């Protein structure tokens, strides 16, 4: 997980409001991973994701002119690092 300072450096130039939103995106990835959501990384099929954190990701990528999906990568890195899956039986 990136610190606020690391986020500011990576996404510069960035406003405080955008930094707040980046932290929300990263926290959502962590929370969704810990809850075991999206174990197959199929985020786009869930309406809550699309209209919630997915919409925030889209907005930030547009505002920050991220052509390479860097904000989405922030979410998926946090999600993957904290993904809880049930053990195979």
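Since every read-out is calculated from the coordinates, none of them should be taken as a lab result. All figures in this text were calculated on a predicted structure; none of them were measured in a lab. Here the Cβ is made from the backbone with ideal geometry for all residues, glycine too, and neighbour counts use every protein chain on show.
List of remarks:
- Extending 7 Å from the Cα toward the beta-carbon at both residue 40 and residue 1 defines two label points whose distance is 2.9 nm.
- Overall dimensions of the range 4-82, expressed as equivalent-ellipsoid semi-axes from the Cα gyration tensor (√(5λ), whole Å, largest first), are 21, 13, 10.
- Taking the longest Cα principal axis of the chain as reference, the axis of helix 16-34 is set at about 10 degrees.
- Convex hull volume per residue for the range 1-47, taking Cα atoms only, in Å³: 92 Å³
- In degrees, nearest ten, helix 70-82 long axis to first principal axis of the chain (Cα): 40 degrees
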